[in-house]
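Below you'll find the structure, written out as structure tokens, and then a few comments.
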């Protein structure tokens with residue numbers, strides 16, 4: 001058997017390529033929208049991709065299952081669990097097999113058995129893998145999707161918070177409790193292959209180790225330690241981070257089927273950009289602060305790029321990038337991974353010209369003096385849990401992802417000091433507010449520097 005895992009750092013997403021070396025048949029589990037890495041592996045290793053499987057309708061990225069089915073004629077293996085709201089609409093257009101608890105299928109001499117493991121979502125399933133071609137009579141591992149992670153389990157509140165399906169958090173948490181009990185009888189030696197690692201918003205405390213064993217998780221994963229359902233539900237639901245706004249859009253698109261990629265080259269364009277266009281500067285916060293095009297917003301192309309693009313960019317607007325030419329293809333793939341396909345052009349850094357604006361980064365001491373003058377308004381853009389743990393007494397809390405929803409509540413007659421934990425998120429916030437006409441400064445080093453300097457702190 002051939003086994004290869006893929007990890008997208010920007011989405012903390014794990015996908016898997018499994019091939020039968022005797023028959024040359026292969027399957028991809030929970031594929032990313034960019035299927036080129038799977039096609040390259042198949043060609044290099046001499047496999048034909050004959051199947052692609054999904055553990056559930058994903059919320060945090062666009063699936064590549066439809067793309068694979070279209071490009072390779074791979075058969076779709078999809079969950080048929082859950083009610084009518086959790087069915088794959090696009091499946092009818094491609095060869096497919098709908099799966100329920102106990103269903104089995106083969107890819108070459110590799111045997112897959114389905115286990116229904118709801119909790120994260122009603123239709124979530126896991127796949128037990130047995131390498132019969134290698135002589136195995138029992139499974140060696142399980143693809144758990146967003147059900148079981150290393151050190152955590154999938155959050156059950158996304159349907160309610162991101163998709164607006166009210167009253168589902170409690171029910172999902174109870175289903176998760178039952179699913180954990182269901183897999184406790186499986187062998188400890190089973191390898192656990194999850195769909196996400198540390199950094200994903202599909203859980204609250206995912207481990208950074210890419211895979212584990214079921215026995216290890218039974219001993220050390222907090223979720224297996226709580227044997228009382230009521231206590232488990234409370235522990236699972238409390239402290240979950242805010243789900244990005246784009247999650248609801250991903251659920252919809254993955255259910256209906258994402259548009260097929262066109263893979264067209266992004267053209268170079270020039271300023272000014274048309275109305276109803278988001279001008280996204282992907283440079284570092286430092287470079288952006290020193291000089292940028294009026295009206296542009298800064299989302300640095302780093303590990304957090306996709307997350308904040310999903311929070312802040314709209315699906316009904318065109319996007320023009322400010323980026324080096326050589327980075328444009330990778331940025332485009334990153335945006336397409338969450339369905340932000342309306343990238344109409346890019347502007348090279350050297351074409352920005354000299355008619356630029358800037359904003360100032362201020363030190364803790366400078367910020368304290370400005371705050372004392374009462375002419376400044378402090379905006380803390382951190383998450384709720386960070387705010388509750390301690391904040392600047394004079395600050396007002398507007399989580400970065402929701403900042404533009406509250407522009408009317410910000411004072412027009414004061415200068416804004418943006419602040420987060422270390423200065424990165426608040427730099428994005430500063431760009432958003434400056435693009436909307438506010439005069440802004442950014443607190444260098446953020447709340448960490450504020451605390452380190454011994455400044456006053458208020459706790460909720």
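None of the figures in this text is laboratory data; all of them are computed from the coordinates on show. Just so it is clear, the model here is predicted, and its values are computed rather than measured. With ideal geometry, Cβ positions are generated from the backbone for all residues, glycine too; neighbour counts draw on all protein chains shown.
How many nm is it between the label spots at residue 40 and residue 198, if each spot is 7 Å from the Cα in line with the beta carbon?
Here the modelled spin labels are 2.6 nm apart.
Would you mind putting 30-39, 315-324, 343-352, 375-384 in packing order, based on average other-beta-carbon counts within 10 Å, highest first?
Descending mean neighbour count gives 30-39, 375-384, 315-324, 343-352.
Kindly rank 435-448, 361-374 from highest to lowest mean number of other beta carbons found within 10 Å of each residue.
Descending mean neighbour count gives 435-448, 361-374.
For segment 1-38 and segment 66-135, write down the distance between their C-alpha centroids in whole Å.
15 Å
Return the calculated 222 nm mean residue ellipticity for the chain, to the nearest 500 deg cm²/dmol, obtained by summing -39500 (n - 2.57) across DSSP H runs with n ≥ 4 and dividing by the residue count.
Helices in the chain give a 222 nm mean residue ellipticity of -7500 deg cm²/dmol.
Report the extension gain between residue 259 and residue 191 in nm, rounded to one decimal, defined as 0.36 nm multiplied by the number of residues separating them, less their alpha carbon distance.
21.1 nm
Any chance you could check the Cα centroid distance between segment 226-290 and segment 335-405 for me, in angstrom?
If you average the Cα positions of each part, the centres end up 17 Å apart.
Is the C-alpha gyration tensor of segment 277-351 telling us rounded, prolate or oblate? Criteria: a/c under 1.5 is rounded; beyond that, a/b larger than b/c is prolate, otherwise oblate.
Cα axes put segment 277-351 in the rounded bin.
What is segment 149-295 by shape, rounded, prolate or oblate, if you read a ≥ b ≥ c off the alpha carbon gyration tensor as root eigenvalues and call it rounded for a/c under 1.5, prolate for a/b larger than b/c, and oblate otherwise?
prolate
So if each residue of separation counts as 0.36 nm, and I subtract the Cα-Cα distance between residue 372 and residue 327, what length gain in nm does that give?
Taking residue 372 through residue 327 to full extension adds about 11.9 nm, to one decimal.
Just the number, please: percent antiparallel of the DSSP beta bridges in the chain, rounded to the nearest 5.
45 percent
For segment 2-256, report the translational diffusion coefficient in µm²/s to the nearest whole number, using Stokes-Einstein at 10 °C, 1.306 mPa s, and a Kirkwood Rh over Cα pairs.
Answer, rounded: 88 µm²/s.
D for segment 1-139, whole µm²/s, Stokes-Einstein with Kirkwood Rh over alpha-carbon pairs at 20 °C and 1.002 mPa s: what number?
For these conditions, the coefficient is 142 µm²/s.
Given N residues in segment 360-452, what is its alpha carbon radius of gyration divided by 2.2 N^0.38 Å?
Against the compact-globule rule of thumb, the ratio is 0.95.
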